[in-house]
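Contents: one structure, followed by commentary.
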Amino acid sequence: MCICRTLFIMLLTIAAAFAAPRASAGGEFSPLETLAEEAVENGVFPGTSIAVIHRGKTVFHRAFGRQTYRTVSPAADSTTIYDLASLTKPVVTTGIVMQLVERDSLDLDAPVSRYLPTFSSRGKQSVTVRNLMQHNSGLRAHTFYHKTCHTPEEVFLTIAADTLLSEPGAKTRYSDPGFITLGRIVESLTGNSLEANFRQRFAVPLGMRRTMFNPPASLRDAIAPTEQDTSWHFNTKRPLVHDHNAALLGGAAGHAGLFSTTGDLITYVRMLMQGGTYAGKQYFRKETVRMFTSREGTASRALGWDLRSLEGPSSAGTAFSVSSWGHLGFTGTSIWVDPEKELAVIMLSNRVHPTSDNIKIRKFRPLLHDTVIRCIERK
C-alpha cells in the first residue's frame with residue numbers, strides 16, 4: 001500500500017512538472033525573470049505574462065505578479081486573459097483585411113468612399129484604405145466619442161463628417177478613428193460583424209479558445225482588471241473593454257476590444273512568422289504577410305503593423321533589427337517580431353489598473369526586449 005501511494009505521488013509530481021509553464025533550460029532566461037519580478041515589485045503593473053518565440057519554438061512562457069496589487073488577488077499565469085487594447089488593430093482588423101485583399105474583395109488603393117459612401121464629405125474623397133492602414137489618412141488621432149455620441153451609428157457619422165487635419169499621405173498620425181472606419185468597412189463588405197469574422201477566420205481554426213470580444217461573465221475571474229470608468233453615462237450596461245469608444249461601439253471595434261492570453265497569441269504570431277501557415281492550414285500567402293509587415297521606403301509604419309524606428313528610441317529596444325514589426329496596446333500589451341533573428345516577444349499586462357496615470361511601462365518595454373536579446377545570445 002505504501003509503495004503504491006509513493007508511486008502515485010511520484011507520478012503526480014512528474015505530471016505537474018510537465019504541465020507547468022516551462023521557463024528555460026540552464027537558467028539562460030534568469031535575467032528576464034529578474035526584470036519581470038522587479039517590475040512587479042516597482043509597480044510597473046500588477047502582473048504580466050511574457051512569451052518568447054525563437055526559431056519556431058516557444059523558449060520562454062511565464063507569468064509574474066497578480067491580477068491586482070492586493071495580496072489576496074489571484075496570481076497571474078499564462079492563461080490569464082488581458083484586454084489587448086490596440087493590439088486589436090493588427091491581430092483582428094489587419095488580419096481580416098489581409099484575407100480580403102488576398103481574395104480580391106478589398107482594394108487597398110481604392111478610396112474609402114467606395115465602400116462607405118458617406119465618408120466622401122469634407123475633402124476626404126482621396127483617402128484610401130491604404131492611408132487608413134498606414135495611419136497617414138489625415139484623420140485626427142483620437143476623440144472621446146462617448147461624450148457627444150449615443151449610438152455606434154452616430155460615431156461612424158461623426159467620423160465621416162469630420163475634416164482632415166492634413167492631406168492624405170502627407171503626415172503619419174496614429175489614428176483610432178481610422179481603424180474604427182476599417183472595422184466598419186470589414187463589416188460592410190462581409191455582411192458579418194467584426195467579432196464573427198475574427199472568430200470564424202482565426203479564433204476557431206487556430207484554437208484560440210480564450211481570445212474574444214466581450215468575454216462572458218463565466219470568465220471574469222480569469223480576466224486581469226483594468227481601470228474603473230467613472231464617465232459612463234448611458235443607461236445600458238457598460239461593456240468590459242477599457243477603451244471608451246470601443247465600449248460605446250458595443251465592445252467590439254476595429255481599433256480595440258479584443259481580449260486574449262499569451263498562449264493564444266503564441267499560436268497567432270507563430271502562424272505569421274511561418275508565412276501565414278499553421279498546422280497544415282494556410283491563413284495567408286507568404287507574399288501577403290511580407291507585404292503587410294514590410295517597410296515602404298522610409299515609412300514609419302507598415303500596413304496595420306508598427307515598425308522598428310530607423311532612428312531614435314523604440315519600445316522594441318536597441319537590439320531588434322530595423323526590419324522588426326509589432327504593435328503596442330494602451331493597457332500594457334505588446335507584440336514585437338524580428339524576422340532576421342527569427343524572434344518574437346509577446347508581453348501582456350494590465351498596467352492601467354488601477355489608473356492609466358501609471359506610465360512606468362514606457363521604460364520597461366525597451367528593457368524587456370533588450371533583455372530578451374541578451375538571454376537569447378546566452379543560449
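Criterion first (surrounded by fewer than 22 Cβ atoms within 10 Å (Cβ to Cβ), at pLDDT 95 or above and in contact with a helix residue (DSSP H, G or I) (Cβ under 8 Å, 6 or more places away or on another chain)) does Gly56 satisfy it? Considered against the rule, which asks whether it is surrounded by fewer than 22 Cβ atoms within 10 Å (Cβ to Cβ), at pLDDT 95 or above and in contact with a helix residue (DSSP H, G or I) (Cβ under 8 Å, 6 or more places away or on another chain), Gly56 comes out as yes.
On the basis of being polar (S, T, N, Q), within 21 Å of Tyr174 (Cα to Cα) and in contact (Cβ under 8 Å) with a residue 12 or more places away in the chain, does Ser315 make the cut? Yes, satisfied.
Let's see how each residue does on (1) part of a loop (DSSP other than H, G, I, E, B); (2) of a type outside the set (Asp, Glu); (3) at pLDDT 95 or above:
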position: Ser137; (1), (2), (3): yes, yes, yes
position: Arg140; (1), (2), (3): yes, yes, yes
position: Glu153; (1), (2), (3): no, no, yes
position: Ala160; (1), (2), (3): no, yes, yes
position: Glu167; (1), (2), (3): yes, no, yes
position: Thr172; (1), (2), (3): yes, yes, yes
position: Phe179; (1), (2), (3): no, yes, yes
position: Gly183; (1), (2), (3): no, yes, yes
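Test Ser231 against the criterion of being touching a His at 6+ places or on another chain (Cβ under 9 Å), exposed (fewer than 14 other Cβ atoms within 10 Å of the Cβ) and not basic (Lys, Arg), and give yes or no. Yes; evaluated as a whole, the condition is true for this residue. Anything in the range 142-151 that is out of contact with any Asp or Glu (no Cβ under 9 Å at 6 or more places or on another chain), buried (at least 16 other Cβ atoms within 10 Å of the Cβ) and not in a helix (DSSP H, G or I)? List them, or say none. Passing the criteria: only Cys149. When Gln125, Gln99, Gln134 are checked against the criterion of being free of Cβ contacts under 8 Å to residues at least 24 places away in the same chain and of a type in the set (S, T, N, Q), a single residue qualifies: Gln125.
The number of residues in the range 315-348 being touching a Pro at 6+ places or on another chain (Cβ under 9 Å), surrounded by 24 or more Cβ atoms within 10 Å (Cβ to Cβ) and of a type in the set (Gly, Ala, Ser) comes to 3. Checked against (1) charged (D, E, K, R); (2) in contact with a Lys or Arg (Cβ under 9 Å, 6 or more places away or on another chain); (3) buried (at least 17 other Cβ atoms within 10 Å of the Cβ), Lys124 passes all but a single condition, namely (2).
Of all residues in the range 167-181, those that are in contact (Cβ under 8 Å) with a residue 60 or more places away in the chain and closer than 13 Å to Ala253 by Cα have Cβ atoms under 6 Å from Cβ atoms of residues that are among the basic types (Lys, Arg) and surrounded by 22 or more Cβ atoms within 10 Å (Cβ to Cβ), 6 or more apart or on another chain, in Phe179/Lys89.
Within the range 252-275, the set of residues being outside any helix (DSSP H, G or I) and surrounded by 22 or more Cβ atoms within 10 Å (Cβ to Cβ) comprises Ala252, Ala253, Gly254, His255, Ala256, Gly257, Leu258, Phe259, Ser260, Thr261.
Name every residue in the range 226-251 that is in contact with a Pro (Cβ under 8 Å, 6 or more places away or on another chain) and either of a type outside the set (S, T, N, Q) or not in a loop (DSSP other than H, G, I, E, B) (or both), in order of residue number. Within the range 226-251, Glu227, Leu240, Ala246, Ala247, Leu248, Leu249, Gly250, Gly251 qualify. One residue stands out in the range 212-225 among those that are part of a helix (DSSP H, G or I) and among the hydrophobic types (A, V, I, L, M, F, W, C): the one that is farthest from Ser260 (Cα to Cα), namely Ala217. Considering Ser137, Ser218, the condition of being under 25 Å from the mean Cα position of the chain (by Cα) and either crowded, with 20+ Cβ neighbours inside 10 Å or within 19 Å of Val97 (Cβ to Cβ) (or both) is satisfied by Ser137 alone.
Tallying residues that are surrounded by 17 or more Cβ atoms within 10 Å (Cβ to Cβ) and part of a helix (DSSP H, G or I) within the range 185-210 yields 12.
The values are calculated or read from the model by the stated rules, or taken from the named source; none is laboratory data. From a predicted model like this one, the values you see are computed outputs, not experimental measurements. Please note: Cβ atoms are built from the backbone with ideal geometry, for glycine as well, and neighbour counts cover all protein chains shown.
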